[in-house]
Every structure is written in structure tokens, then in C-alpha cells.
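Below is one structure; the comments refer to it alone.
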There are 4 protein chains.
Amino acid sequence: MITFCQFGAGRIGAIHAANIAAHPQASLKYVVDPVAEAAQNLADRHGAQVATMETALADPEVNAVLIASSTDTHADFIEAAARAGKAILCEKPIDLDLERTKACLQVVEETGTLLALGFNRRHDPNFRQIRDAMLDGKIGKTEMVQITSRDPSPPPAEYVARSGGLFRDMMIHDLDMAQWLLGEKPVEVFATASCLVDPAIGEAGDVDTALVTLKTASGKLAQISNSRRAAYGYDQRVEAFGEKGMLRAENVRPTTVELMTDDGATTDKPLYFFLERYEAAYRAELDDFVTALTDKRTPLAIGRDGLIALELAEAALESCKTGKAVRL
Amino acid sequence: MITFCQFGAGRIGAIHAANIAAHPQASLKYVVDPVAEAAQNLADRHGAQVATMETALADPEVNAVLIASSTDTHADFIEAAARAGKAILCEKPIDLDLERTKACLQVVEETGTLLALGFNRRHDPNFRQIRDAMLDGKIGKTEMVQITSRDPSPPPAEYVARSGGLFRDMMIHDLDMAQWLLGEKPVEVFATASCLVDPAIGEAGDVDTALVTLKTASGKLAQISNSRRAAYGYDQRVEAFGEKGMLRAENVRPTTVELMTDDGATTDKPLYFFLERYEAAYRAELDDFVTALTDKRTPLAIGRDGLIALELAEAALESCKTGKAVRL
Amino acid sequence: MITFCQFGAGRIGAIHAANIAAHPQASLKYVVDPVAEAAQNLADRHGAQVATMETALADPEVNAVLIASSTDTHADFIEAAARAGKAILCEKPIDLDLERTKACLQVVEETGTLLALGFNRRHDPNFRQIRDAMLDGKIGKTEMVQITSRDPSPPPAEYVARSGGLFRDMMIHDLDMAQWLLGEKPVEVFATASCLVDPAIGEAGDVDTALVTLKTASGKLAQISNSRRAAYGYDQRVEAFGEKGMLRAENVRPTTVELMTDDGATTDKPLYFFLERYEAAYRAELDDFVTALTDKRTPLAIGRDGLIALELAEAALESCKTGKAVRL
Amino acid sequence: MITFCQFGAGRIGAIHAANIAAHPQASLKYVVDPVAEAAQNLADRHGAQVATMETALADPEVNAVLIASSTDTHADFIEAAARAGKAILCEKPIDLDLERTKACLQVVEETGTLLALGFNRRHDPNFRQIRDAMLDGKIGKTEMVQITSRDPSPPPAEYVARSGGLFRDMMIHDLDMAQWLLGEKPVEVFATASCLVDPAIGEAGDVDTALVTLKTASGKLAQISNSRRAAYGYDQRVEAFGEKGMLRAENVRPTTVELMTDDGATTDKPLYFFLERYEAAYRAELDDFVTALTDKRTPLAIGRDGLIALELAEAALESCKTGKAVRL
């Protein structure tokens, strides 16, 4: 049985806490959050207690921490939990700053802690099946990966300002997906971007529409297409191309119903929101972490993956400014 | 808050108990089952108590009973619960015998009890969306309904012997779906059937492959196709045709992944088992019952629907024997 | 080289004449039609001559006749061509009358003539692929066949009056498809029908909406669904179910384009008209006939198939009136 | 009636000649080809004559020339035809050399000739429908275009050597498609490429796998993905994304048949070859040219489009070498 302390009682924290509570090998003992009421509500819902970080980490019964607090607290909580000898499942990113990320991972390494990173999309049943089929040789040698990733609607400009920008905040998921599916770290990054959706995003110094091209040392290629707004919902598709064929995952739709009239044939648009689309992924992510601990194996995404993705995001940002491909 | 006593701690009982426990307006107080260990395990899992029927029905805190016990106990439990003034959600069927069913519904009527019937497929998001779109006029006046319903694999012959046979046990779901979508009670039933899947089913006096045709007083038509075995999984499709168009629901597949190679393009087959396919439907069914109670409205399927479906099943059985359409 | 005389210069005749002219092993020498202008136009378009039946059949260069004239002339032309020793490709039906059909086939048999019948749907690439896959054992032993066949819009009531009615005129295609895919002649027919689309059709003594159930001696089953009107176009689908799986052919749509907006995802509706939908089928039918002649093999559909389909249509009509399954 | 002289009697020439012969407003008078036998065969098939360029261009009855000869003869034939006052439909490219292309277009402009260019994909019913829906405002303001274009199998290395390379020979179609759909000329081009399919292609100095990113002055973006080999056939997909939604065209498959077994659900792979996939496009291209002449309007693709596409290909080639985005 893995006993958890959870940091963060917000929207995504509520998802994780419910998944811990529902998992047969896990239980939630503590909730830590500066907003006392949120912490208490979430703790009550799952029979847990509110605590300070210090109390929670000092409890020898706690084996694991789940970090779902605000981004700027991730690295500190990781270091504290690592030093307390707790296994960690942390929402991405470790930190928006590359040096802070490296320092944090240094602590993780020194303490020998297990740090799983919440790249939830790796756990999506569709993308997971693509990866498994690739490992199974279904398309032979991988040659290209295409990722389409578009949010249903843009965030408020004030969020944009402190988000780290599209590349660090949004595309980082796709950069991780790309390197995961390529099975090889990209060494060359080209990016171009525009502000086409909302001028306020441009005024906040960010972009809302972006394309990235990646190349690995052996010549494998990847393309990513991002937009902060898709009128038809959350557009999350992946395609892998290899010598023997192609694998692709379509969007997920709420029903399979088709209406056929004189006006054409109409089906549902994709699921609108990431919590619906990745509901199964969040459950699988928690399960992967728990069984990694019980079976003493490596989780699907670890701290180093977060570092690689952030380096790729930084490179994309630089390429966008210089108009040149950036070599890593 | 609706407080439940549940009868039955088997496979389907476990589903219902978990849904009650997870529902924000419901709680599970008692589990009743002749198999003491099963009752205890299920009660423990959800913080409920094991009890006898008498104790549970005598508790004024209990507002509702969920009957998921063996088919031959349904009518007795319904009557006992009705007389105790509890609202009832009962798995289909009320009883395999038409007269017993009528007698039971008589008690329900006299006591003024609310009896919801577990025709889970009405709650499937796909079929529900078809029904809603029909009520919304999307295909105009309904003219034909087609239902394809095939189990992944045949039951053991010993189950067949006591099941009431394909028409009462399996097709009853489709007969209910047909009359629900037609929006009008069928008055003419024709059936034909074969034993093509497993000779042991034929030896047990039943069929495993059957087609039924229904006609309503206004001339609307419906077709049902049943098989006890589909090599590719649980085949559950519905199509409604009207003056302005057609609505249809395809099977549900576990992922959207497509593999394209020199051998063709391959996707997942349908979900294999009814517990997976109708997982959301069982949740919606419980929610429909709970909100029917709290909002004082009629649930999506009630006792009378069970009677109509059983009458249609009896008529199909007779038609099958006589080679004539049976008029109701 | 097969040299053709064609009877009939109407809409369907124009299709056949163009296919003969375009076929590398065929040429069109004569066009015969009582409407002189139509005959001349069609002959001119393909470098053929207008002739009387007598002249054309007397020409030893003519190997084959294609009969695309009005239904009531088919049997006479077949007999004349058979007696002249010409191979025959005749549009369905041979005749609307069962006795006349049998008498005509008697002549065909006595003369040893090859009579191919224009059941064009057998040549549709989709349905042909289903049949081939069945023969190839892809679904194992066949158990059920489902055919959906709906015209885009009802014919004028005056056509209905002389058409022989829905069963002989429209469903005959589906009855042929059913027996072809079942691979076994049905011995039991049940039919039910309504007039839901156009009251004028009912006043003309016909129905516009019909369901038929077929059963073979070995217990295989088939269902057919017909409507004279589908708001979304020409609905032509086939499904074959067997011990190892299912084969199905969807409608054909003009493009693969999908528009996805806030209102849902929209694709094309099916091709609207039989000439578009079965364009490739008519070409394949002609080619099958020509290569049957050059390779001395049996065409995909022959005279006897027309008789079987007509017998099934007559049985359906009788079942519809009596409410009983009719045994053949 | 438009009377044609056709240059080139090879594989693609045979397609064009047949389309001319079948078009009600066109006729084929001359075939010109250095290979006498090929010219004679093609001329015979359509009742045309073999001629020299001089004779054909001197014939005042000839209104139009169709150039389907080898690439290195295009520019010369265009100039000769332009000077003879004939309208021209020329297979792409005008020339592989940018300066030669410009000089040729100069002659076209001076003579006031109509020069339509054979960018056949613009005439594909799927892509055409996307373009029409965009012009019709279905997705609002265009923001991104994604083009997937993969050949079924790589050309022989000796072809590669004289083809002008992947960017000029293959991607030029996609560059044209991108600028056509964007509705705005790209001003920035980034390309990266690998040799992953066949080392012989690399030895011939070319690449076989390439990604290109385009940006217009207003910030619209496009991505292209090319491979010289797709194990599953000819992969030709287009997607356009805008403020109100997305339009996409899937591959075209030979049938709609799906086989569902215990192994999954299998459908046809895409049409394998460009002559099958773009059969309708070639017919529409000829029709567009003929009606442009008879109705005195501009064809869908003209000489200048070929220049733009070639400039984009040159820029892609340069970007590939330098690792920098090239500005036009």
C-alpha cells in the first residue's frame, strides 16, 4: 500500500486526489495547500487530513508525494520530498527555468529518489497504444512523427504573461510526445510562430499559433502544430510513420452517433476539455507510478524527460527569434 | 440524500454498489445477499452493513432499494420493498413469467411506489443521444428502427436452460429499445430463429441466432438481429430512420488508433464485454433514478416497460413456433 | 471481339452503349429502339447503325445482344435472340410474370444460349469484395445477411402502378443480393410493409416501406430493409455475419472531406443517384459478360437467378398479405 | 469545339489524350512524339494523326496544345506554341531551372497566350471541395495548412539524378497546394530533410524524407510532410485550419468494406497509384482548361503558379543546406 501526501488542492489536485483514493494499492493521508479551505474540502472528501509540508514529510508512513501545486513551488517541493526520502509524482514542469530544473534534478539524483513526471499524454490509451505498437515493430523503423495539438480556447492574457509562454507551457507536452515516440533525442529544432488568435496574447509578448520541426542525430523527423484555439474542441492527434507503415490516433468523440440528412452527415466534435479527454490518462498515470513503486521499475516519464522537453522548448523559442534551426 | 439498501452482491451488484457509493446524492447503507461472504465483502468495500431484508426494509432511513439479485427473486423483493414504501430500481426482468410480472406490477401500482427498471441501454450515451435527437425532430417522423445486438460469446448451455431463452433473456433488451425508439407500442411481431452457434444450446431447447420484425398500429417498422456470438466482440448498434434522415450509433472501440500497412488499415474491434460497453450507462441509470426521486419525476424506464418488453418476447417466441406474425 | 446489338436507347441504354464502346474487346454495331430519334442519336454517338430486330439478329457478325428496352419487351427479345443463337445480357427482370419468366427460360435452355442477367449490384466493387472475402473464408460459415436499400426519392405514382410494385421492382435487387451472399436459396419468406412516404403510392395499391426476413434450409437468416425515400441520398449497405466475424460495406460518398466546427463534424452524404453509385458496377457487369463469352465461363448472374429473385418477391408479396411466413 | 495537338505519347500523355477524346467540347487532331511508334499508337486509338511540331502548330484549326512530353522540352514547346498563338495546357514543371522558367513566362506574357499549368491536385474533388469551402467562409480566416504527401514507392536512383531532386520534382506539388490554400504567397521557407528510405537516393545527392514550414507575410503557417515511400500506398491528405474550424481530406480508398474479426477491424488501404487517385482530377483539369477557353476565364492554375512553386522549392533546397529559414 502506497500512502500519499498531496501538495495542491486545486482543479488538477482534485483529479489526482480522487484517483489516489480510488486506487486499490494507494491511500491519501495528507493534503497540503496554502488555501486552508481548499485543503480541508479535498481532505474531507477522501478521508484525509490537512497538514503542513513539514508534518507530512516527517511521517514515516508516507511513502510518496504527489505535487499538483502551482508551478513555481514544484522544484522546492521536489527537493524537500527527495531529502525526506519520499517517492515523487510531480505535475509538469519541474520549473520554467532551465538552471533551476537542473539543480533540482541534481538533488533528486543525489538522494536516489524516484521522480515521476506528469506527462499525462504518455498515459493516454490512444498514444500509449501507438507507442506499444511501435515498440512491437508494427511500422518498422520510425522515420517521422506528426503531432497536432490545439487547445479549445486561449487562456486569459494575464495567465499567458506568467505561463512561460506557448513553448514552455503548452508545446512542452508535444515536445515530450515527439521525443518519446521518436525514441531518440532531437538534436535540431526549428520553430516559427504567429499571433493570429488573440492580439492580447501578442501584447503579452507571446504567440498563439506555432509550428516546430525536430530532427534527431539519425535523421528522424518530427512536426508539431499548435494553436491556442480550435473552434471544434480539444484537438489532440498523433501520427507515427515508419518503413512498414503508419500509426495514427484520431481525436476522441463523446458518442459514435451520426446524423445523416439532406444537409450531410454529422457526428460529434472532439471532447472539449483536457480533463475529459485525459481522464483515463490521469488514472493510468497514477497507476503507473504506484506499480512502479511496488514493482520497483521505472515509471513511463521521469525527471530527466522534463529536462529534455524544457531544453527543446528553449531551443524552439530561440529558433523562433533567430530564424535558424538550433542545434542541441 | 438517497439512502440505499441493495439486494444482490454478485458481479452486477458490485457495479451498482460502486455507483451508489460514488454518487454525490446517494449512499449505500445495507447489502442483502444469501451468500454471506459476498455480502460482507461488498459492504466492507463501501462502508455499508450486511443485513437481512427485514431489517433493511424496516429502517426508516432507507429511501430506496436496488435489486440486483437473481432473477427469480426480483418480483418478491419488489413487492416487499413496495409494501415497505421504498422506491425501487430493479435489474430487468421483473420476472420471466408474464402473470407473475403482472401481479407484481399490481402491487406496485396499489402501493404507489416508484419502480424504475434497469434497461441499462436506454442510458447509453449513444442511444440516449439518438432518442434525444429524435425527440428534437432531427429525422422528422420515425418510420423504421434497426437494432443489431450480438453477444461476444454464448453462455454455457446450463445457463441457457434456466435463462428463459434468447427472446426473454437477451432480445428483451432490444425489444425494449425498439419500442422506446419507435415511441409507439408494437402490435405485430414476427420472429424466426436458428441454432447455428452451439448445438448444445439447441439441445437445451433454445436458439442462438434470431431475427424479429415489429410493426406498430401506425405502420412504423423495426428489425432486430441477435446472435449469441460475435467473433469481434460485443456488437451493439442502433439505427433510426425517418422522413428527414437517419440517426445511427456505431459500436464503441477502446481507442481511435489506426495502423496502416501493406496489409490494409486496422483499427480496434468493439469493446468486448457489456460491463465495459455499458459502464457509463450503469452510472447514468443510477443517476437518473436518484434525480427522479429528488426531482419527483419519472425515470427513463419503469415497471410497465418491462411488461411490454416481456409481452413482445412472448409474442416473438410464439411467432417463432407458428411461422405467423402474432398480433398483440 | 464481341459485336453487340443493343435493344433500348433510353437512360440505362445510354450507359450500356457507352460501356460497350469503351470496352477493348467489344464493339457496338446496331441500336434497336421504337423511338427512331433516340436510336439514331445513340447509334451516332458510338459509330453504330440503327436497325430493326430482324436485321440485327440476322447479321452473323453479331455475337451478342444487350437488352435495355422496356420491361415488357425483355422476354420476347430474349427468346428471339436465343433462337438466333446470340449470347444475351438482359437488364433485370426477365418479366414481371412468373409463368412468362419460366417459359422464357425454357427457350433459353432449349437453345443452349448464354443469358446473363443485369443484377448490377453483384458487380459493385464493394459488394463484390464482400462476396469474395466470404468465399475466401474470412468470416467462416455464413449465418446472417443484412441489406439496407433505400432509394433517394419515390417514383411518381403512375410509375408505381405499372412497376409490379415495390417487391417485384425494387426489392428484387435485394432479394437477389441476399440469396447470392447467403450462397443458398431461401426457403422461407416473411414480409411486412407500410405506406409511410407518399399516400399516392398507397392509393396506387403499393407500399413504400418494407421489411423482409429470409431463412434457408440450413437455417441461415437474412434481413432486408427498403424505403422508397431517403432524405440523405441513395442508401445501399450490405452486411454479412459469420462464425469468424463480419463484413460490411458502407455507402459511397463523393469526397472524403470533413468540416469540423463548433456545430460538429460534417462529411458528405452518400452519392444520390443509382447511375453515380453503380457507375463502376455497370462497367464491371459488361466486362464480366464479355470475358464470360471470350473465356467460356458463366457470368456472375444468369437467367435462373432472375427466376429465384422473382419467386422470392412473389412470396414476399403473399406473406405481406397473409401475415404468415411463406415456404418455397 | 477546342481542337488539340498533344505533345508526348507516354504514360501521362495517354491519360490526357483519352480525356481530350472523351470531352464533348474537345477533339484530338495531332499527336507529336519523337518515339514514332508511341505517337502512332496513341493517334490511332483516338482517330488522330501523327505530325511534327511544325505541321501541328501551323494548322489554323488547332486551338490548343497539351504538353505532356519530357520535362526538358516543356519550355521550348510552350514558347513555340505561344508564338503560334495556341492556348497551352502544360504538365508541371515549366522547367527545373528558375531562369529558364522566367524567360519562358516572359514569352507567354508577350504573346498574350493562355498558359494553364497541370497542377492536377488542385482539381482533385477532395482538395477542390476544401478550397471551395474555405472561399465560402466555412472555417473563417485561414491560419494553418497541413499537407501530407507520400509516394507509394521511391523512384529508381537514376530517375532521381535527373529529376531535379525531391523539392523540385515531388514537393513542388505540395508547395503549390500550400500557397493555393493559404491564399497568400509564402515569404519564409524552412526545410529539413533526410535520406532514410533508400541509400542510393542519398548517393545520387538527393533526400527521400522532408519537412517544410512556410509562413506568409500576414503570419499564416503551413507544414508539409514528404516521403518517397509509404508502405500502405499513396498518402495524400490536406488539412486547413482557421478561426471557425478545420477542413480535412482523408485518403481515398478503393472500397468501403470493413472486415471485423477477432484480430480487429480492417479496411482497404489508400489507392496505390497517382493515376488511380487523380483520375478524376486529370479529367477535371482538362475540363477546366476547355471551359476556361470557351468561357474566356482564367484556369485554376496558370504559368505564374508554376514559377511561385519553383521559387519555393529553390528556397526549401537552400534552407535545407543552410539550416536557416529563407526569406523570399
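The values are calculated or read from the model by the stated rules, or taken from the named source; none is laboratory data. Computed from a predicted model, the values in this text were never measured in an experiment. Reconstructed Cβ throughout: ideal geometry from the backbone, glycine too, with neighbour counts over all protein chains shown. The protein model used for the area step is the full one, side chains on, heavy atoms only, and it has no ligands, DNA or RNA in it. Shrake-Rupley method; radii C 1.70, N 1.55, O 1.52, S 1.80 Å.
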With the dipole of the stretch B:260-300 defined by +1 on each Lys or Arg Cβ and -1 on each Asp or Glu Cβ, the option from B:Y282, B:G264, B:T294 whose Cα lies farthest towards the positive pole is B:T294
Amide H partners (placed H, <5 Å) of C:I302, local residues excluded
C:L117
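Tally the DSSP beta bridges in the stretch D:150-266 and give the antiparallel ones as a percent, rounded to 5. Walk me through the numbers on the way to the answer.
On the way: 24 of 25 bridges.
So the antiparallel bridges in the stretch D:150-266 amount to around 95 percent.
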Which one, C:A210, C:Q179, C:T192, is farthest towards the positive end of the dipole of the stretch C:167-234 when Lys and Arg carry +1 and Asp and Glu -1 on their Cβ?
C:Q179
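How do C:R128, B:R327 rank by accessible surface area computed with a 1.4 Å probe, from largest to smallest? Spell out each step's value before the answer.
Details: C:R128 85, B:R327 160 Å².
The most accessible residue leads, giving B:R327, C:R128.
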With the dipole of chain B defined by +1 on each Lys or Arg Cβ and -1 on each Asp or Glu Cβ, the option from B:A64, B:G245, B:L89 whose Cα lies farthest towards the positive pole is B:G245
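With a 1.4 Å probe and all protein chains kept in place, how do A:D263, A:D305 rank by accessible area, largest first?
On the way: A:D263 135, A:D305 15 Å².
Output order, biggest surface exposure first: A:D263, A:D305.
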Computed [θ] at 222 nm, helices only, for chain A once each DSSP H run of length n ≥ 4 contributes -39500 (n - 2.57):
-12000 deg cm²/dmol
Suppose we keep just the alpha-carbon trace of the stretch B:93-176; what are its Rg and Dmax in angstrom?
16.5, 45
At 20 °C and 1.002 mPa s, the Stokes-Einstein diffusion coefficient in µm²/s for the protein assembly as shown, with hydrodynamic radius from the Kirkwood sum on alpha carbon pairs, is 62
If I take R0 = 60 Å and measure r between the Cβ atoms of D:R304 and B:E276 in this structure, what FRET efficiency does the formula 1/(1 + (r/R0)^6) give, to the nearest 0.05?
0.55
Evaluate Rg over Rh across chain B, taking Cα atoms for both radii and Kirkwood's formula for Rh.
0.97
Taking only the alpha carbons of the stretch C:135-240, the radius of gyration and the largest Cα-Cα distance, Dmax, both in angstrom, are 14.7, 47
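Mind checking the dipole of the stretch C:216-328: about its Cα centre, +1 per Lys or Arg Cβ, -1 per Asp or Glu Cβ, Debye to the nearest 20?
Working: 16 positive and 18 negative charges, 117 e Å.
For the stretch C:216-328, the charge dipole is close to 560 debye.
Report the percentage of all Cα-Cα pairs in the stretch C:1-137 whose separation exceeds 28 Å, rounded to a whole percent. If you can, show how the numbers build up before the last one.
Values: 1780 of 9316 pairs.
Distances greater than 28 Å cover 19 percent of the Cα pairs.
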Explain nothing, just the number: dipole magnitude of the stretch B:54-111 about its Cα centre with +1 on each Lys and Arg Cβ and -1 on each Asp and Glu Cβ, in debye rounded to the nearest 20.
140
Using Cα springs under 10 Å in a Gaussian network model of chain C, which residue among C:L117, C:L300, C:L310 shows the largest mean-square fluctuation?
C:L300
GNM, chain A, Cα, under 10 Å: largest mean-square fluctuation among A:F273, A:F289, A:F77?
A:F273
Interface B-C: total buried accessible area (1.4 Å probe, Å², nearest 100) of 3500
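Calculate the translational D of the stretch C:55-103 in whole µm² s⁻¹ from Stokes-Einstein, where the hydrodynamic radius comes from the Kirkwood formula applied to all Cα pairs, the temperature is 25 °C and the viscosity 0.890 mPa s. Don't jump to the answer; show the numbers that get you there.
Numbers: Rh = 11.1 Å.
My calculation gives 221 µm²/s for D.
Among DSSP beta bridges whose residues both lie in the protein assembly as shown, state the antiparallel percentage, nearest 5.
Working: 168 of 276 bridges.
In the protein assembly as shown, approximately 60 percent of DSSP beta bridges are antiparallel ones.
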Residue span C:E184 to C:Q49: 0.36 nm per residue of separation minus Cα-Cα distance leaves a gain in nm of 44.3 nm
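Over the stretch C:282-323, what lengths in whole Å, largest first, do the semi-axes of the equivalent ellipsoid take, defined as the square roots of 5 times the eigenvalues of the alpha-carbon gyration tensor? List each step's numbers first, then the result.
On the way: eigenvalues 217, 20, 4 Å².
They are 33, 10, 4 Å, listed from largest to smallest.
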Radius of gyration, Dmax [the stretch C:201-273; alpha carbons; angstrom]:
17.2, 53
With θ taken as phi - 60° and the coefficients 6.51, -1.76 and 1.60, list the Karplus ³J(HN,Hα) couplings across the stretch B:245-258 in order, rounded to whole Hz; mark glycine and proline as x.
x, 9, 10, 8, 10, 7, 4, 9, 10, x, 9, 9, 6, 10
What residue of chain C sits with its beta carbon nearest the rotation axis taking C to D, and at what distance in whole Å?
C:A22, 4
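Accessible area per residue of chain D at 1.4 Å probe, in Å²?
Details: 11800 Å² over 328 residues.
With all protein chains present, chain D gives 36 Å² per residue.
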C-alpha center-to-center spacing [the stretch D:91-108, the stretch A:103-145] in angstrom:
50
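Accessible area of the stretch A:58-149 with a 1.4 Å probe: how many percent of it is carbon plus sulfur? Spell out each step's value before the answer.
On the way: 1560 of 3330 Å².
It is 47 percent, rounded to a whole number.
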Based on DSSP H assignment, which helices of chain D show an axial Cα extent of at least 27 Å together with a mean Kyte-Doolittle hydropathy greater than or equal to 0.0?
D:303-322
Expressed in square angstrom to the nearest 10, the accessible area of C:E99 with a 1.4 Å probe stands at 110
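Count of lysine pairs in the stretch B:184-328 with Cα atoms under 21 Å apart, counting only pairs 8 or more residues apart in sequence or on different chains?
Values: B:K185/B:K215; B:K185/B:K220; B:K185/B:K324; B:K215/B:K244; B:K215/B:K321; B:K215/B:K324; B:K220/B:K244; B:K220/B:K324.
For the stretch B:184-328, qualifying lysine pairs total 8.
Starting from the Kirkwood radius over alpha-carbon pairs of the stretch B:78-129, derive D by Stokes-Einstein at 37 °C in a medium of 0.692 mPa s and give it in µm² s⁻¹.
277
Suppose every K and R has +1 on its Cβ and every D and E has -1 on its Cβ; what is the size of the dipole of chain B about the Cα centre, in Debye to the nearest 20?
Details: 35 positive and 48 negative charges, 167 e Å.
For chain B, the charge dipole is close to 800 debye.
Enter the mean number of other protein chain beta carbons within 10 Å of the beta carbon of each residue in A:218-226, as an integer.
Working: counts 2, 8, 3, 10, 2, 9, 1, 9, 1.
Rounded to a whole number, the mean comes out at 5.
Could you check what % of the DSSP bridge pairs in chain B are antiparallel, to the nearest 5?
Taking every DSSP beta bridge with both residues in chain B, the antiparallel ones total about 55 percent.
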